[in-house]
1. In whole Hz, what ³J(HN,Hα) sequence does the stretch 185-191 give by Karplus (6.51, -1.76, 1.60; θ = phi - 60°), x for Gly and Pro?
2. Under the definition of Cα pairs under 8 Å and six or more residues apart, what whole-number percent is the relative contact order of the stretch 323-464?
3. Treating each Cα of the chain as an identical point scatterer and ignoring solvent, apply the Debye formula and state log10 I(q)/I(0) at q = 0.11, 0.14 Å⁻¹.
4. Could you tell me which of Phe192, Leu131, Tyr423 has its Cα farthest along the dipole of the chain towards the positive end, charges placed at Cβ (Lys, Arg +1; Asp, Glu -1), taken about the Cα centre?
5. Ordering Ser391, Ser158 by how much accessible area each has at a 1.4 Å probe, largest first, what is the list?
6. Can you give the log10 of the normalised intensity I(q)/I(0) at q = 0.12, 0.22, 0.25 Å⁻¹, computed with Debye over equal Cα scatterers of the stretch 1-105?
7. Whenever you get a sec, compute what percent of the accessible area on the stretch 260-306 sits on carbon and sulfur atoms (1.4 Å probe).
8. How would you rank 124-133, 46-55, highest first, on the average number of other Cβ atoms within 10 Å across their residues?
Amino acid sequence: MKEKLDGAFVLRWAKRLLVYLVGLYMMALGVVFSAKSSLGVSPVGSLANVLYQIGLAQEAPSYVNLGNCTIAVYCLYILTEFLLLRRDFKPAMLLQLVASFLFGQLVNLATAMMSFLPVPGSYIMQMLYLLCSIPLVATGVMLYLSPQILPTPGEGMSLAISKKTGLTVGSSKMVFDCSLVVISAVTSLVYFHGLVGVREGTVICALLVGFVMRQLMRVCEKPLMRFVERETKLRQAMGDEAYLFDESGKPKLLISVGWEFGSGGYELAQKLAERLGIRFYGNDELIPLEAEESGLPEAFIQKHEHNMAHAVVYDFMTAGYAVNMELSPLEQLFAAQTKVIRRIAAKNESCVLVGRCSDYILYNDPNSFRIFVHAPTDYRVQRVSEQMGISERQAEADLATTDASRSRHYEHFTGRPWGDTRYYNLAVDTKAFGDEKSLELIEDAIRCWCQHRELDYEGVKGGK
């Protein structure tokens, strides 16, 4: 058994090391392509590139190359970390030196291997080189960070600034990158009297690397994390769901209600809880719990608890979080919602929960009964118009916007189509039955579901 465990341990770390090294090399290739473009490199490498350009202008010895300049600048970052953190600087942080030398030598290797590439003779070719570098760097960052082996000093500086200032890692990364660009630009202006080594390409890289990485993570994150045998950051933040499968407590009803905007699903959920005599968890009950769990303001949660911008906009806005493998505010909120809902589910009481992907979160709980409330568009438009006192044209626009936003949010966090009846025990059309009959239909369905599971329907109501 020990030999098998040792073999599994070695294989796991061999896979992680392979991904780590491939990631660093991909980053190195990206740096070489962007350096050859002469339009600038990403902010974290801009100072090293400017120093390398100064070395070329001075006809410095061959060892003053891009890789060795990168090593020197990375060592400067580590020294800055030490000066910032002082007593909080841990000896283990010196291992960043290993990552620095390794990455620097991989840059030298990539430079040698890409030496056949011609010097771009036009601005179009320069931009082509730069655009080739962006997916290489994005892929490299995603790969090298996923095994969580050794951070490079760029990430170390962001963490040090965060610890010293209290800023988030994403904000600290922005401060660090902006500072580097300014220092690199000043250095270039002093020596060259112009911008060399840090140009428009630096800004383009800063804007696009994180965005491209977000797109790659949509496809690659889960299989990559399975390969290196780690959980995603979001999955780690959501915590363990094992207790959901504990049936040792008394039988209960965990009713999740999702709905299309204007179908009356929220009101039905409230009335259902009243009729069954069980606890109702709506916005007023859940938002304070989510705020306490996440540390996010209640106003933010009120606005974003089931809303998400268009995927492209969202990915661009949260690119900085992706580069630092940090959760975006919406991901923090979803992780908090998951924990809150699971804690509620762990109680020995029946309840009705609305929205928040609760049907997905509790999908494997044996006590979960999942409902989706819907209705034709014309019925919902008329209903929203009457209830909110707005024109039907405005109601139709609000309905389309709200449903699209809810759908994006649900699909992003669950990977399932929003409103797909395969994942619900019951779907109810409120136009076909009306509110009162819909409520009776739901009650009858729950009663039959309890009978089928040989549960006492009256016993799971009202906490009895």
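1. Whole-Hz 3J(HN,Hα) from phi for the stretch 185-191: 5, 4, 4, 5, 5, 5, 7.
2. With pairs under 8 Å counted, the relative contact order is 26 percent.
3. Cα-only, vacuum Debye calculation for the chain: -0.94, -1.23.
4. Farthest towards the positive pole: Phe192.
5. From most exposed to least exposed: Ser391, Ser158.
6. The computed values of log10 I(q)/I(0) come out as -0.55, -1.16, -1.29.
7. Percent of accessible area from carbon and sulfur atoms in the stretch 260-306: 47.
8. Order by mean packing, descending: 46-55, 124-133.
The values are calculated or read from the model by the stated rules, or taken from the named source; none is laboratory data. The model shown is predicted, which means the values in this text are computed figures rather than measured ones. Virtual Cβ from ideal backbone geometry, glycine too; neighbours counted across all protein chains shown. Remember, those area values only see protein heavy atoms, side chains included, never the ligands or the DNA or RNA. Shrake-Rupley method; radii C 1.70, N 1.55, O 1.52, S 1.80 Å.
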